[in-house]
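Q: I have a structure I would like to understand better, so I am pasting it below and will then ask my questions one at a time.
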Amino acid sequence: MVVLLQFRALPGLRLTNVVRQLSTKASRFTDGDKVVVLGREYTADHMTNVTPHLLSHVGRNLHLQPYHPLSHVTQRLTQHMYGRYLSPRGNPLFSIHSQLYPVVTTQQNFDSLLIPKDHVSRKKSDNFYVNEGLLLRAHTSAHQSELISMGFDNFLVIGDVYRRDEIDASHYPVFHQVEGVRLCTTKELYGTHQDMDEFQLFQSGEQTKEHQGVHCPEAVRRMEADLKSCLLGLATTLFGKDVEARWVDAYFPFTHPSWELEVQLNGAWVEMLGCGIMEQEILVNAGVEDKIGWAFGLGLERWAMKLYGIPDIRLFWTTDSGFLSQFKFEDPATNVVYKSVSKYKQCINDISFWLPKDKDYDPADFYDLVRSVGDSLVEQVNLVDNFTHPKKGLTSHCYRIVYRHMERVLTQEEVNVVHQRIEQEAASFLGVAVR
């Protein structure tokens, strides 16, 4: 049950806007609780770690909001794909799926992508589980196999994704991702020739660094060329024809070979996306045996931050007109650089506590708790000290929490009230002993 809780003001202290959506159980669910996501109800169990605070972001669909910077980037990306891939009749080949339901099964999120059972990306500390069998998707790739099995060969999946991560200006537990997939038949890849037997997609061979064992090297070469040309074209469309870019070999469980695209921005190389030739097993499992495919994934926030010079990922969630009005234009290709409305001073408080001896402690749980209590007031959380007492055998963590409001000045008194609440919740629900 979620209640609206308002902090009581200390004498002479004005607590404007220090109101939080908190549950009666520190914004977390326990076994048997009902978890409601966009009107659908689930039962919490031992794996549940979604919070009411996190669920309040579900359904916001920033990428679909008119004039939002994420919407502008989405439109430009979509226009690029529409213009590049056309049917013989001149219609766009790519379909767009931008409102798929965000709760997926572990089979969709992991198994369908060949992610090993013991892979670190499955851990509770990295994901937001609704219950043991369901989670908020960690990537839009979770819908890949489902769409392929439905007969889609060229598509983009655009939507919100959820990951437990550190707290700083470039990380937020909710962000938006684009998944692109293209499948090709022999004819689509090679064209029509008199003797098509000379043109093959598959072979029986050994896997190498350059290709999977089932793929003909020439087919992979052509798919790689198409994929890289498409994505370099996207980068130059958004960042300008003179942008410097390079490809870096990478590893992903669901593609081989795989690459990351880096572009040079402000004198530094920045990773912008991951891509590769899809593992043929994924296609076969989805019922497709006569096509070869490529896929890519990118984060909309990262592209928007680099494109518009937006310094803090929290800004994408603000309703402040000072931010949103800067992107109120019809043409998504309009060049604009974000101008800071104001940069209010930081307030910094440290919290130190002994870790519990009788239960496991995961820093991700502390970060979630800080988000639930402090919400967008929290700019950064950093572990600044970690030591074990030689006699007591207890481990102590000290975290530095940086508070900064996006729209006004915070007083130290206001911050102290929120910080005290974090201490209380940490002691109560994580079992730590605040020092």
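The values are calculated or read from the model by the stated rules, or taken from the named source; none is laboratory data. Quantities reported herein were computed from a predicted structural model and do not represent experimental measurements. With ideal geometry, Cβ positions are generated from the backbone for all residues, glycine too; neighbour counts draw on all protein chains shown. Heavy atoms of the whole protein, side chains included, go into the accessibility calculation; ligands, DNA and RNA do not. Shrake-Rupley method; radii C 1.70, N 1.55, O 1.52, S 1.80 Å.
Q: Expressed as a whole percentage, what fraction of the accessible surface of region 301-435 belongs to carbon and sulfur atoms when a 1.4 Å probe is rolled over the protein heavy atoms?
A: Details: 3070 of 6490 Å².
Carbon and sulfur atoms account for 47 percent of the accessible area of region 301-435.
Q: Amide H to amide H under 5 Å from His176: which residues, 5+ apart in sequence or cross-chain, H placed 1.01 Å off N in plane?
A: Close amide H contacts, sequence-distant or interchain: Val161, Leu300, Glu301.
Q: When the solvent-accessible surface of protein heavy atoms is calculated with a 1.4 angstrom probe, in what order do Glu413, Glu224, Glu41 fall, highest first? Each step should come with its number before you reach the end.
A: On the way: Glu413 100, Glu224 50, Glu41 120 Å².
Per-residue accessible area, sorted high to low, gives Glu41, Glu413, Glu224.
Q: Something else about it: Running a GNM on the chain with Cα contacts under 10 Å, which residue among Thr51, Thr74, Thr30 ends up with the highest mean-square fluctuation?
A: Greatest mean-square fluctuation among the candidates belongs to Thr30.
Q: How big is region 102-175 along each principal axis, measuring the range of its Cα positions in Å and listing the largest first?
A: 40, 27, 19
Q: State the Kirkwood hydrodynamic radius of region 338-435 in Å, one decimal place, computed from all pairs of distinct Cα atoms.
A: Working: mean 1/r = 0.0696 Å⁻¹.
So the Kirkwood estimate lands at 14.4 Å.
Q: Could you please state how large a percent of the accessible area of region 210-273 is carbon and sulfur, counting protein chains only and using a 1.4 Å probe? Working shown, then result.
A: Details: 1440 of 2910 Å².
Here it works out to 50 percent.
Q: Hey, another quick one. Run the reach check for Lys123 against lysines, Cα to Cα strictly under 24 Å, same-chain hits fewer than 8 apart removed. What comes back?
A: Hits, sequence-local ones excluded: Lys25, Lys34, Lys357, Lys359.
Q: Given labels modelled 7 Å from the Cα in the Cβ direction, how far is it in nm from Ser428 to Asp249?
A: 5.3 nm
Q: Would you pull out the residues with amide H under 5 Å of Thr255's amide H, same chain only if 5 or more places away, H placed 1.01 Å from N?
A: Here Glu279 satisfy the definition.
Q: For Met223, what is the net charge nearby, where nearby means another residue's Cβ is under 15 Å from its Cβ and Lys, Arg count +1, Asp, Glu -1? Walk me through the numbers before you get to the answer.
A: On the way: positive: Arg84, Arg182, Lys187, Arg221, Arg222, Lys228, Lys291; negative: Asp153, Glu188, Glu210, Glu218, Glu224, Asp226, Glu279, Asp290.
So the environment of Met223 carries a net charge of -1.
Q: Something else: Quick one: dipole size for the chain, taken about the Cα centre, charges +1 on Lys/Arg Cβ and -1 on Asp/Glu Cβ, in debye to the nearest 20. Could you put the intermediate results ahead of the total?
A: Working: 44 positive and 53 negative charges, 349 e Å.
Around 1680 debye, computed over the chain.
Q: Rounded to the nearest 500, what is the chain's calculated 222 nm mean residue ellipticity when only DSSP H runs of at least 4 contribute -39500 (n - 2.57) each, over all residues? Don't jump to the answer; show the numbers that get you there.
A: On the way: 11 runs with 108 residues, N = 435.
Here the helix-only value at 222 nm equals -7000 deg cm²/dmol.
Q: From the square roots a ≥ b ≥ c of the eigenvalues of the alpha-carbon gyration tensor of region 183-252, which class results: rounded (a/c under 1.5), prolate (a/b over b/c), or oblate?
A: Oblate, since a/c reaches 1.5 and b/c is not below a/b.
Q: Send over a whole-number figure in Å² for the accessible area per residue of the chain, probe 1.4 Å. Could you put the intermediate results ahead of the total?
A: Values: 20310 Å² over 435 residues.
Value returned for the chain: 47 Å² of accessible area per residue.
Q: Setting aside same-chain residues fewer than 8 positions from Lys291, which lysines have a Cα under 28 Å from its Cα?
A: Cross-link targets: Lys117, Lys187, Lys209, Lys228.
Q: For region 55-213, rounded, prolate or oblate, judged on the Cα gyration tensor with a ≥ b ≥ c (square roots of eigenvalues), a/c < 1.5 rounded, else prolate if a/b > b/c? Please report the intermediate quantities before stating the final value.
A: Working: a/c = 2.47, a/b = 1.40, b/c = 1.77.
Oblate is the answer for region 55-213, as a/c is 1.5 or above yet b/c matches or exceeds a/b.
Q: State the answer as a single residue: which of Leu377, Gln326, Val415 lies farthest towards the positive end of the charge dipole of region 322-435, with beta carbon charges of +1 for Lys and Arg and -1 for Asp and Glu, about the Cα centre.
A: Result: Val415.
Q: Here's a follow-up. Kindly identify the chain as rounded, prolate or oblate by the Cα gyration tensor criterion: order the square roots of the eigenvalues as a ≥ b ≥ c, call it rounded if a/c is under 1.5, otherwise compare a/b with b/c, prolate if a/b is larger, else oblate. Present the calculation step by step, with values, prior to reporting the outcome.
A: Numbers: a/c = 2.15, a/b = 1.65, b/c = 1.30.
In terms of gyration-tensor shape, prolate.
Q: Then there's this: So what J values fall out for region 50-55 if you push phi through Karplus, 6.51 cos²θ - 1.76 cosθ + 1.60 with θ = phi - 60°, rounded to Hz, Gly and Pro as x?
A: Residue by residue, region 50-55 yields 5, 10, x, 4, 5, 5 Hz.
Q: Please list, ordered by chain and number, the residues whose modelled amide H lies under 5 Å from the amide H of Ile167; skip anything fewer than 5 residues away on the same chain.
A: Result for Ile167 returns Val381.
Q: About its Cα centre, what dipole magnitude does region 350-425 give when the only charges are +1 on Lys and Arg Cβ and -1 on Asp and Glu Cβ, stated in debye to the nearest 20?
A: On the way: 9 positive and 14 negative charges, 63 e Å.
Computed about the Cα centre, the dipole is about 300 debye.
Q: Something else about it: Each residue of region 416-432 in order: what ³J(HN,Hα) in whole Hz does its phi give by Karplus 6.51 cos²θ - 1.76 cosθ + 1.60, θ = phi - 60°, with x for Gly and Pro?
A: 4, 5, 5, 5, 4, 5, 4, 4, 4, 5, 4, 5, 6, 10, 9, x, 7
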